[in-house]
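**Student:** Attaching a single structure in structure tokens format; questions to follow.
The values are calculated or read from the model by the stated rules, or taken from the named source; none is laboratory data. Predicted model, so just to flag it, every value in this text is computed and none were measured. FYI the Cβ positions are ideal-geometry reconstructions off the backbone, even for glycines, and counts take in every protein chain you see. SASA here: full protein model, heavy atoms, side chains in, ligands and nucleic acids out. Shrake-Rupley method; radii C 1.70, N 1.55, O 1.52, S 1.80 Å.
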Protein chains: 2
Amino acid sequence: MAGLATPMAGHADVPEVIWARPERTGRGPRPAFTRADIADAAVRIADAQGLGAVTMRHVAAELGCGTMSLYNYVPRKEDLYELMVDAVGAEHELWEPAGDWRADMLRVARQTRALMYRHPWVPALMSPVYGFSPHALRYLEHCLACLDSFDGTYGTKFELIAMVNGVVTTYVGNELATAERVRALPWSEEQENAVRGAYLGSQVASGAYPRMAAAFMEDAGPIDLEAVFRRALDRVLDGFDPSR
Amino acid sequence: MAGLATPMAGHADVPEVIWARPERTGRGPRPAFTRADIADAAVRIADAQGLGAVTMRHVAAELGCGTMSLYNYVPRKEDLYELMVDAVGAEHELWEPAGDWRADMLRVARQTRALMYRHPWVPALMSPVYGFSPHALRYLEHCLACLDSFDGTYGTKFELIAMVNGVVTTYVGNELATAERVRALPWSEEQENAVRGAYLGSQVASGAYPRMAAAFMEDAGPIDLEAVFRRALDRVLDGFDPSR
DNA sequence: AGCGCATTACGTACGCTGTACGTAACTAGG
DNA sequence: CCTAGTTACGTACAGCGTACGTAATGCGCT
């Protein structure tokens, strides 16, 4: 009556880690695809048409199979997302750390940022990340290797890694969301900026926000996103650096 | 033929900031609700049943009106989200900064954290935040007031505020997501931890991740989420503090 | 005073989603 | 060889955001 008798049923009544599930059990027809095939198809769609286009129907069509066949490989859509994140995790190039943890963590961050630019949907899927996929484990181990030269407990090291990942996800997520919003506007960027600027200006001019008004007076110049990102990381690393 | 002749049509073909739109134009029947009524109804639903229960149909039912009537007040669902975030922004209690920017920013962060615990759906809506709602402006101005004692340009102050908000959102978002996941499990938390732990243990025991293995050996003790949060903020503020 | 029209209200309908369920074809283990 | 467990997939359902059409409403202008 319980999950014992139905080993590979669509939805189990017992916890399951997708990475622990074997791809093939032996009985039954030979599966037409591997999990990697499915992940790749989903990644292709997300890269080309955005995360919103990743539906069970589209992925199935991309693979050339029926929609419901996907559920033999992936119990819920959430798991498909996990497959996607793990798949692009393979793109992380690891190296032999040379003993400078600050430089290494910065390099990790920049590489992750580049990866997110290649796959702009990644930040949106990073919040509900809870599993330890194979490539996530590989990535974590590499970060720990980078921190061999860091003087602290593993607890602190994990906090440092979490902080760097969090900042990268947040910053790049914002950068990409802004770019995406501009791309999807049904009108021109100039019109958008004009309307929003007019509203903001009218609010600030009301006198209710004197410091905001002063801030707008300050000579800003164009924003260099990469420099902002770099500064943010430097500061975060400063916060963990006892020698500073 | 263009948006000029249809001043209050459902969807404009010209940019629009919802906060600049007047609640009442004069002509036509008196609206049955204010924007605040709608925001409150949506917030009530989100608090009680989660963000997923915030649908146009449910909000309309909560207000006691037809589904499509909502679109007279809110052009798209995304704007409803913006109303919600602004509505809870009213809960921020502001104070007169006394000249210690570190203490004040920490207090801001702790207050925001408490607000997010009261409204666990807030972090999920913070990523696509782009508008400057009335309460967001009020909040920003207050942060700037807290930073009067901070020696730096407004540019740097905005970077500091963005960093603090980002860290708060990320950390509290993770805390809440974990709690929510546990709450929604179709099986017990012990079962879940046992299965995930077994998988993780088997991976680590494979020898492929020696540092992860060492980390598991380290005596950890229970995790104090509030202490982790506090440490993260201290470190971030350290990174901006020239006196340290 | 009363006409005209912008606005509100809302029922209906469409295309889309995730996925439960039933059935037929297939294949490895006993 | 038989049979149990698996794969494949068509059908179906509930729910979503929202476009559109129609009826009722009441302010502003003549």
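**Student:** Which ones in segment A:218-229 are touching a helix residue (DSSP H, G or I) at 6+ places or on another chain (Cβ under 8 Å) and either without any contact (Cβ under 8 Å) to a residue 60 or more places away in the chain or at the interface with chain B (Cβ under 9 Å from one of its Cβ atoms) (or both)?
**Tutor:** Listed by number, the residues that qualify are A:218, A:220, A:225, A:228.
**Student:** Please verify whether residue A:215 is within 8 Å of chain B (Cβ to nearest Cβ) and modelled with pLDDT of 90 or more, treating the condition exactly as stated.
**Tutor:** For residue A:215, the condition - within 8 Å of chain B (Cβ to nearest Cβ) and modelled with pLDDT of 90 or more - is met.
**Student:** To continue, here is another question. Between A:52, A:26, A:66, which is near DNA strand D (Cβ under 10 Å from one of its atoms) and at pLDDT 95 or above?
**Tutor:** Numbers: A:52 fails: near DNA strand D (Cβ under 10 Å from one of its atoms); A:26 fails: at pLDDT 95 or above.
That would be A:66, the only listed residue that is near DNA strand D (Cβ under 10 Å from one of its atoms) and at pLDDT 95 or above.
**Student:** For the condition facing chain B (nearest Cβ under 8 Å), closer than 22 Å to residue A:127 by Cα and at pLDDT below 90, what is the one hit in A:196, A:181?
**Tutor:** After applying the criteria, what remains is A:181.
**Student:** In the set A:47, A:104, A:100, which member is within 14 Å of chain B (Cβ to nearest Cβ) and either over 13 Å from the mean Cα position of the chain (by Cα) or more than 16 Å from DNA strand C (Cβ to nearest atom) (or both)?
**Tutor:** A:104
**Student:** On the basis of being open to solvent by less than 40 Å² (accessible area, probe 1.4 Å), modelled with pLDDT under 85 and more than 7 Å from chain B (Cβ to nearest Cβ), does residue A:160 make the cut?
**Tutor:** no
**Student:** Something else: Sort out which residues of segment B:90-126 are in contact with a Ser or Thr (Cβ under 8 Å, 6 or more places away or on another chain), surrounded by 19 or more Cβ atoms within 10 Å (Cβ to Cβ) and assigned to a loop (DSSP other than H, G, I, E, B), and write them in order of number.
**Tutor:** If the condition is that a residue be in contact with a Ser or Thr (Cβ under 8 Å, 6 or more places away or on another chain), surrounded by 19 or more Cβ atoms within 10 Å (Cβ to Cβ) and assigned to a loop (DSSP other than H, G, I, E, B), then B:97 is the only one that fits.
**Student:** When segment B:215-244 is examined, which residues are found to be in contact with a Phe, Trp or Tyr (Cβ under 7 Å, 6 or more places away or on another chain) and among the aliphatic types (A, V, I, L, M)?
**Tutor:** Listed by number, the residues that qualify are B:215, B:232.
**Student:** Could you say whether any residue in segment B:22-32 is among the aliphatic types (A, V, I, L, M), more than 13 Å from DNA strand C (Cβ to nearest atom) and either over 26 Å from residue A:199 (Cβ atoms) or assigned by TED's automatic domain parsing to the domain that holds residue B:133 (or both)?
**Tutor:** There is no residue in segment B:22-32 that is among the aliphatic types (A, V, I, L, M), more than 13 Å from DNA strand C (Cβ to nearest atom) and either over 26 Å from residue A:199 (Cβ atoms) or assigned by TED's automatic domain parsing to the domain that holds residue B:133 (or both).
**Student:** Give me the residue from segment B:57-79 that is in contact (Cβ under 8 Å) with a residue 12 or more places away in the chain and open to solvent by less than 20 Å² (accessible area, probe 1.4 Å) and, out of that set, farthest from DNA strand C (Cβ to nearest atom).
**Tutor:** Looking at residues that are in contact (Cβ under 8 Å) with a residue 12 or more places away in the chain and open to solvent by less than 20 Å² (accessible area, probe 1.4 Å), I get B:79.
**Student:** Kindly evaluate residue B:140 against the criterion of being facing another protein chain (nearest Cβ under 7 Å) and either in contact with a helix residue (DSSP H, G or I) (Cβ under 7 Å, 6 or more places away or on another chain) or acidic (Asp, Glu) (or both).
**Tutor:** yes
**Student:** List the residue pairs whose Cβ atoms are under 6 Å apart, where the first residue sits in segment A:151-175 and is in contact (Cβ under 8 Å) with a residue 24 or more places away in the chain, the second is aromatic (Phe, Trp, Tyr) and open to solvent by less than 20 Å² (accessible area, probe 1.4 Å), and the two are 6 or more positions apart or on different chains.
**Tutor:** Pairs that qualify, where the first residue is in contact (Cβ under 8 Å) with a residue 24 or more places away in the chain and the partner is aromatic (Phe, Trp, Tyr) and open to solvent by less than 20 Å² (accessible area, probe 1.4 Å), are A:160/A:240; A:171/A:229.
**Student:** Are any residues in segment B:20-44 in contact with a Cys (Cβ under 7 Å, 6 or more places away or on another chain) and among the acidic types (Asp, Glu), and if so, which ones?
**Tutor:** The answer is none; no residue qualifies.
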